[in-house]
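The values are calculated or read from the model by the stated rules, or taken from the named source; none is laboratory data. Every value quoted in this text rests on a predicted model; they were computed, and no experiment measured them. Here Cβ is always computed from backbone atoms with ideal geometry, including for glycine, and neighbour counts include all displayed protein chains. Please note that ligands, DNA and RNA were not included when accessible areas were found on the heavy atoms of the full protein model with its side chains. Shrake-Rupley method; radii C 1.70, N 1.55, O 1.52, S 1.80 Å.
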Amino acid sequence: MSTSIKMIDIKETKRDFVNELLKKDIHKVLDLGCGEMLLSKPFLKNKSFVKGIDLKEPYSVPEGAVFVKGNFFHEEFEKDYELIIASLILHLTKKEFAPKLIKKIQDSTAKRGYNFLILVSNKDSLSTEPSAKGKFYVSMDEITEFYPSSEWKLIKSLEDETEPEQHKNPSELPQTPHTHNLIFLIFQKI
(Lines give C-alpha, C1' and ligand atoms only; values in the text may rest on other atoms or scores of the structure.)
Protein backbone atom coordinates (compact mmCIF):
# COMPACT_ATOMS: atom_id res chain seq x y z
CA MET A 1 0.00 0.00 0.00
CA SER A 2 1.40 3.39 -0.93
CA THR A 3 0.60 6.62 0.80
CA SER A 4 0.51 9.83 -1.15
CA ILE A 5 1.89 12.92 0.46
CA LYS A 6 -0.12 16.09 -0.09
CA MET A 7 2.17 18.94 -1.02
CA ILE A 8 1.36 22.63 -1.18
CA ASP A 9 -0.13 23.82 -4.43
CA ILE A 10 1.22 27.37 -4.26
CA LYS A 11 -1.53 29.04 -6.30
CA GLU A 12 -4.30 27.21 -4.44
CA THR A 13 -2.75 27.93 -1.04
CA LYS A 14 -2.26 31.64 -1.81
CA ARG A 15 -5.86 31.83 -3.01
CA ASP A 16 -7.08 30.08 0.17
CA PHE A 17 -5.21 32.52 2.43
CA VAL A 18 -6.30 35.58 0.42
CA ASN A 19 -9.93 34.37 0.49
CA GLU A 20 -9.67 34.09 4.28
CA LEU A 21 -8.53 37.73 4.41
CA LEU A 22 -11.20 38.91 1.96
CA LYS A 23 -13.80 37.93 4.58
CA LYS A 24 -12.29 40.47 6.99
CA ASP A 25 -13.04 44.18 7.23
CA ILE A 26 -9.95 45.41 5.35
CA HIS A 27 -9.87 48.79 3.61
CA LYS A 28 -6.17 49.63 3.45
CA VAL A 29 -3.55 47.20 2.10
CA LEU A 30 0.23 47.42 1.75
CA ASP A 31 1.94 44.79 -0.43
CA LEU A 32 5.72 44.61 0.13
CA GLY A 33 7.72 43.11 -2.72
CA CYS A 34 4.43 43.13 -4.60
CA GLY A 35 5.63 41.86 -7.98
CA GLU A 36 2.53 41.89 -10.19
CA MET A 37 0.31 42.64 -7.14
CA LEU A 38 -1.44 39.28 -7.48
CA LEU A 39 -2.00 38.90 -3.72
CA SER A 40 -3.28 42.44 -3.15
CA LYS A 41 -5.27 42.92 -6.37
CA PRO A 42 -8.38 41.01 -5.09
CA PHE A 43 -8.83 43.65 -2.36
CA LEU A 44 -9.53 46.29 -5.03
CA LYS A 45 -12.88 44.56 -5.64
CA ASN A 46 -13.76 45.35 -2.02
CA LYS A 47 -12.97 49.03 -2.70
CA SER A 48 -9.83 48.80 -0.53
CA PHE A 49 -6.91 51.19 -0.96
CA VAL A 50 -4.02 49.05 -2.24
CA LYS A 51 -0.39 50.16 -2.35
CA GLY A 52 2.47 48.01 -3.63
CA ILE A 53 6.19 48.58 -3.19
CA ASP A 54 8.83 46.74 -5.21
CA LEU A 55 12.23 47.33 -6.80
CA LYS A 56 10.83 46.32 -10.17
CA GLU A 57 7.75 47.90 -11.71
CA PRO A 58 4.91 45.48 -12.57
CA TYR A 59 3.96 45.02 -16.22
CA SER A 60 0.74 46.80 -15.39
CA VAL A 61 -0.51 48.37 -12.18
CA PRO A 62 -4.08 47.24 -11.49
CA GLU A 63 -6.66 50.00 -11.90
CA GLY A 64 -7.19 51.73 -8.58
CA ALA A 65 -3.90 50.54 -7.05
CA VAL A 66 -0.88 52.69 -6.19
CA PHE A 67 2.61 51.46 -7.00
CA VAL A 68 5.87 52.81 -5.56
CA LYS A 69 9.12 51.76 -7.18
CA GLY A 70 11.55 51.52 -4.31
CA ASN A 71 13.10 49.55 -1.51
CA PHE A 72 10.65 48.88 1.33
CA PHE A 73 13.54 49.19 3.80
CA HIS A 74 13.88 52.86 2.86
CA GLU A 75 10.21 53.70 2.35
CA GLU A 76 8.21 55.24 5.18
CA PHE A 77 4.97 53.40 5.90
CA GLU A 78 1.82 54.95 7.28
CA LYS A 79 0.78 53.44 10.60
CA ASP A 80 -2.79 52.41 9.77
CA TYR A 81 -2.67 49.55 7.28
CA GLU A 82 -5.32 46.94 7.97
CA LEU A 83 -3.34 44.37 5.99
CA ILE A 84 0.36 44.16 5.21
CA ILE A 85 1.49 41.42 2.86
CA ALA A 86 5.13 40.27 2.84
CA SER A 87 5.39 37.39 0.38
CA LEU A 88 8.73 35.70 -0.19
CA ILE A 89 10.84 38.73 0.70
CA LEU A 90 12.25 38.04 4.16
CA HIS A 91 14.68 35.32 2.98
CA LEU A 92 16.29 37.97 0.76
CA THR A 93 17.08 39.95 3.90
CA LYS A 94 20.19 39.63 6.02
CA LYS A 95 19.33 37.85 9.26
CA GLU A 96 20.31 40.87 11.38
CA PHE A 97 18.00 43.24 9.44
CA ALA A 98 14.92 40.99 9.34
CA PRO A 99 13.77 41.78 12.91
CA LYS A 100 13.81 45.51 12.08
CA LEU A 101 11.70 44.94 8.97
CA ILE A 102 9.24 42.74 10.87
CA LYS A 103 8.97 45.42 13.58
CA LYS A 104 8.39 48.07 10.90
CA ILE A 105 5.61 45.93 9.40
CA GLN A 106 4.04 45.39 12.81
CA ASP A 107 4.25 49.08 13.77
CA SER A 108 2.53 50.02 10.50
CA THR A 109 -0.35 47.63 11.12
CA ALA A 110 -3.54 49.14 12.56
CA LYS A 111 -5.05 47.70 15.72
CA ARG A 112 -7.07 44.58 14.71
CA GLY A 113 -5.14 44.60 11.39
CA TYR A 114 -3.42 41.65 9.75
CA ASN A 115 0.03 40.55 8.58
CA PHE A 116 0.11 37.94 5.82
CA LEU A 117 3.55 36.37 5.50
CA ILE A 118 4.89 33.79 3.07
CA LEU A 119 8.36 32.68 4.09
CA VAL A 120 11.00 30.28 2.84
CA SER A 121 11.61 27.87 5.70
CA ASN A 122 15.00 26.94 7.11
CA LYS A 123 14.14 23.39 5.92
CA ASP A 124 14.38 24.57 2.30
CA SER A 125 17.37 23.50 0.21
CA LEU A 126 17.98 27.18 -0.62
CA SER A 127 18.89 27.77 3.02
CA THR A 128 21.95 25.53 2.67
CA GLU A 129 23.35 27.23 -0.44
CA PRO A 130 26.50 29.35 0.03
CA SER A 131 24.56 32.44 -1.12
CA ALA A 132 22.10 31.89 1.76
CA LYS A 133 24.72 32.38 4.47
CA GLY A 134 23.49 35.08 6.85
CA LYS A 135 20.04 35.30 5.21
CA PHE A 136 16.69 35.05 7.03
CA TYR A 137 15.46 31.46 6.73
CA VAL A 138 13.34 30.57 9.77
CA SER A 139 11.34 27.81 11.38
CA MET A 140 7.68 28.16 12.31
CA ASP A 141 8.69 28.46 15.97
CA GLU A 142 11.22 31.22 15.24
CA ILE A 143 8.81 33.37 13.23
CA THR A 144 6.03 33.03 15.80
CA GLU A 145 8.45 34.36 18.44
CA PHE A 146 8.34 37.66 16.55
CA TYR A 147 4.57 37.72 17.08
CA PRO A 148 4.01 37.35 20.85
CA SER A 149 0.54 36.06 21.78
CA SER A 150 0.04 39.06 24.08
CA GLU A 151 0.05 41.34 21.00
CA TRP A 152 -0.85 39.08 18.05
CA LYS A 153 -3.27 36.26 17.37
CA LEU A 154 -2.31 33.54 14.89
CA ILE A 155 -5.33 33.24 12.57
CA LYS A 156 -4.10 30.70 10.02
CA SER A 157 -0.85 28.87 9.29
CA LEU A 158 0.59 26.21 7.03
CA GLU A 159 4.09 24.83 6.68
CA ASP A 160 4.92 22.25 4.06
CA GLU A 161 6.80 21.41 0.90
CA THR A 162 5.57 22.68 -2.46
CA GLU A 163 4.80 20.59 -5.47
CA PRO A 164 7.80 20.37 -7.85
CA GLU A 165 8.22 23.54 -9.88
CA GLN A 166 10.64 24.82 -12.47
CA HIS A 167 11.85 28.43 -12.62
CA LYS A 168 13.35 29.99 -15.70
CA ASN A 169 15.08 33.30 -16.05
CA PRO A 170 14.91 34.67 -19.62
CA SER A 171 18.71 34.58 -19.96
CA GLU A 172 19.18 31.11 -18.43
CA LEU A 173 18.27 27.54 -19.13
CA PRO A 174 15.38 26.18 -17.08
CA GLN A 175 16.29 24.68 -13.73
CA THR A 176 15.47 21.09 -12.97
CA PRO A 177 12.14 20.67 -11.19
CA HIS A 178 12.51 21.20 -7.45
CA THR A 179 10.42 21.86 -4.36
CA HIS A 180 10.47 24.56 -1.68
CA ASN A 181 9.61 24.43 1.99
CA LEU A 182 7.31 27.36 2.71
CA ILE A 183 5.53 28.84 5.71
CA PHE A 184 2.21 30.70 5.25
CA LEU A 185 0.94 32.80 8.18
CA ILE A 186 -1.83 35.25 8.97
CA PHE A 187 -1.48 37.16 12.24
CA GLN A 188 -3.97 39.66 13.65
CA LYS A 189 -2.87 42.51 15.88
CA ILE A 190 -4.77 42.47 19.18
Item checked: Apportionment of accessible area to carbon and sulfur, region 50-190, percent (1.4 Å) -> 51
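Within the set Lys23/Lys94; Lys41/Lys189; Lys56/Lys153; Lys69/Lys111; Lys111/Lys133; Lys45/Lys135, which residue pairs have Cα atoms separated by over 29 Å?
Values: Lys23/Lys94 34 Å; Lys41/Lys189 22 Å; Lys56/Lys153 33 Å; Lys69/Lys111 27 Å; Lys111/Lys133 35 Å; Lys45/Lys135 36 Å.
The answer is Lys23/Lys94; Lys56/Lys153; Lys111/Lys133; Lys45/Lys135.
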Item checked: Largest to smallest principal axis extent of the C-alpha atoms in region 1-65, angstrom -> 53, 29, 16
Next item on the list: Mind listing the long-range amide H neighbours of Val50? Cut-off is under 5 Å, sequence gap 5 or more, other chains count too, H placed in the peptide plane at 1.01 Å from N.
Entry: Val29, Val66
Notebook entry, point to check: Taking the simple approach of a point 7 Å from Cα along Cα-to-Cβ for both Ile10 and Glu57, what is their distance in nm?
Noted result: 2.5
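With the other protein chains left in place, how much accessible area per residue, in square angstrom, belongs to the chain at a 1.4 angstrom probe?
Working: 11110 Å² over 190 residues.
That works out to 58 Å² for each residue.
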Checklist line | Label selected from (i) 28, 24, 16; (ii) 25, 20, 18; (iii) 25, 21, 14, the criterion being semi-axes √(5λ) of the Cα gyration tensor in Å as computed here | finding: (ii)
